[in-house]
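Q: Here's a structure for you.
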Amino acid sequence: RVASRDFKRSRTHAMDNFRLAMLTALWYAASLLFNLGMKRSHALIPDVLVLTTLQFCVGAVALGVAWAFDAVRGPEFSRQNALMCWSALLFFGGTLCTNISLTLLSVSFAHVVKTLEPFFTVAIVYAWERTPPSCTSVLALALTAAGVLVATSVQRKSAGKDSAFSAGLAVALLANLFLQLRNVLNKRLMKGADDEAAESTPRPLELMLYTLALGLPLQLAVHAGADVVNALEPAPPAVSRYAHYGDAHPLWLLVTPLAFVAYQAASILVLAQVDPVMHAVLNACKRMVVIGLGAALMREVLSVGYAAGAAFAVAGVAAYSLAKGLNTGAAHTRAQLVLSVALFGVAAVAASGGVLGPP
């Protein structure tokens, strides 16, 4: 009887690990597919508002399908709804800014800039709760910033004085702010989700689908306003900087929003199975996959300085995530030593390659 119980427990544990591995693989694959699809979709329809509207429309349809199959509960009128509306507003702003940055920047560099998300998280948490970061976290953030600075300097040199590069960088940073504000709010929304008495507390997948659906009317309003402005002041037809993908199959216009919803759902389902620190580490690994495979599939030529900067930035994000799980002073001391050495490594790369000097 004991052996049978142990066998069932081990089989359940193995199934949980298999499910987590499949969800993580879906998360990575759908994220990569979305990033690649945005370039091809923008070549077919060089209008970010149209592409963003398609993504929110697919999200609303996904909510309807999940509702029809009882995968999510119906909406309830409570204080949670007001907070969910704010979450949807921030998600809408972050999604639109992310889409704009993906049409102005390379896939790999857009994700290098996204590694700066912890900076915004630390600033928001400190402003909200007055909780300062640990010394280890500060060093990890410094490593991330140094890596992004190196990669940005290399990219700016190759772009010259391209205004699209500066605009894409600014919009990507704004996306970080919106999405991290949304994440902090979502944590408050899901707090107590395991409490059976908290019937009005949204479950992770419900929260994601409802914020997608609530973002649709916001996107349609912005889209309608832009159409009115264009009607009053006609502008020449937009031309995508990815026009060389103009022969892409029209199915990309459907595949891209489907991938968007899939990676959002997979991400939040992974979060439901692991602790936030592990989720953050997996997210850092995902960025490494998207940066590497994205550059290879988009045939981007990565210089040594840029690749080193991106690697240091991702390493800094992973170290920041792992620092939250360190419980002893000795562990923090060792981590701080490693991070200090890595910072000297960034300085050496910058100095030897001259990536921080004038172009």
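The values are calculated or read from the model by the stated rules, or taken from the named source; none is laboratory data. Note that the coordinates shown come from a computational prediction; the quantities given were computed from them, not determined experimentally. Positions of Cβ are backbone-derived with ideal geometry, glycine not excepted, and every protein chain shown enters the neighbour counts. These accessible areas exclude ligands, DNA and RNA; they are computed on the full protein's heavy atoms, side chains included. Shrake-Rupley method; radii C 1.70, N 1.55, O 1.52, S 1.80 Å.
Q: If I ask for residues that are among the polar types (S, T, N, Q) and open to solvent by less than 20 Å² (accessible area, probe 1.4 Å), which ones from the stretch 253-296 would you list?
A: Thr256, the sole residue that qualifies.
Q: In the stretch 134-173, which residues are under 13 Å from Leu102 (Cα atoms), touching a residue at least 12 places away in the same chain (Cβ under 8 Å) and among the aliphatic types (A, V, I, L, M)?
A: Residues satisfying the conditions are Ala164, Ala167, Leu169, Val171, Ala172, Leu173.
Q: Evaluate the stretch 138-148: report whether one residue or more is modelled with pLDDT of 85 or more and of a type in the set (S, T, N, Q).
A: Yes, some residue in the stretch 138-148 is modelled with pLDDT of 85 or more and of a type in the set (S, T, N, Q).
Q: Suppose we keep only residues that are among the aromatic types (Phe, Trp, Tyr) and open to solvent by 30 Å² or more (accessible area, probe 1.4 Å) within the stretch 46-83. Which one would you say is modelled with the lowest pLDDT?
A: Taking the candidates together, the pick is Phe77.
Q: Could you tell me whether the stretch 54-74 includes any residue that is in contact with a Ser or Thr (Cβ under 6 Å, 6 or more places away or on another chain) and on the phi < 0 side of the Ramachandran plot?
A: Scanning the stretch 54-74 turns up no residue that is in contact with a Ser or Thr (Cβ under 6 Å, 6 or more places away or on another chain) and on the phi < 0 side of the Ramachandran plot.
Q: Taking Trp252 and the conditions (1) at pLDDT 75 or above; (2) out of contact with any Lys or Arg (no Cβ under 9 Å at 6 or more places or on another chain); (3) within 30 Å of Ser303 (Cβ to Cβ), which numbered condition does it fall short on, given that it satisfies the others?
A: With (1) at pLDDT 75 or above; (2) out of contact with any Lys or Arg (no Cβ under 9 Å at 6 or more places or on another chain); (3) within 30 Å of Ser303 (Cβ to Cβ) applied to Trp252, the lone miss is (2).
Q: Kindly check whether there is at least one residue in the stretch 164-176 that is aromatic (Phe, Trp, Tyr) and at pLDDT below 80.
A: no
Q: Please go through the stretch 124-137 and give me each residue that is out of contact with any Leu (no Cβ under 9 Å at 6 or more places or on another chain) and at negative phi, ordered by number.
A: Val125, Tyr126, Ala127, Trp128, Glu129, Thr131, Pro132, Cys135, Ser137
Q: If I go through the stretch 216-261 residue by residue, how many of them are outside any helix (DSSP H, G or I), free of Cβ contacts under 8 Å to residues at least 40 places away in the same chain and small (Gly, Ala, Ser)?
A: The number of residues fulfilling the criteria is 1.
Q: Does the stretch 297-331 hold any residues that are open to solvent by 40 Å² or more (accessible area, probe 1.4 Å) and more than 30 Å from Gly37 (Cα to Cα), and which are they?
A: Of everything in the stretch 297-331, those that are open to solvent by 40 Å² or more (accessible area, probe 1.4 Å) and more than 30 Å from Gly37 (Cα to Cα) turn out to be Leu322, Lys324, Gly325, Leu326, Asn327, Thr328, Gly329, Ala330.
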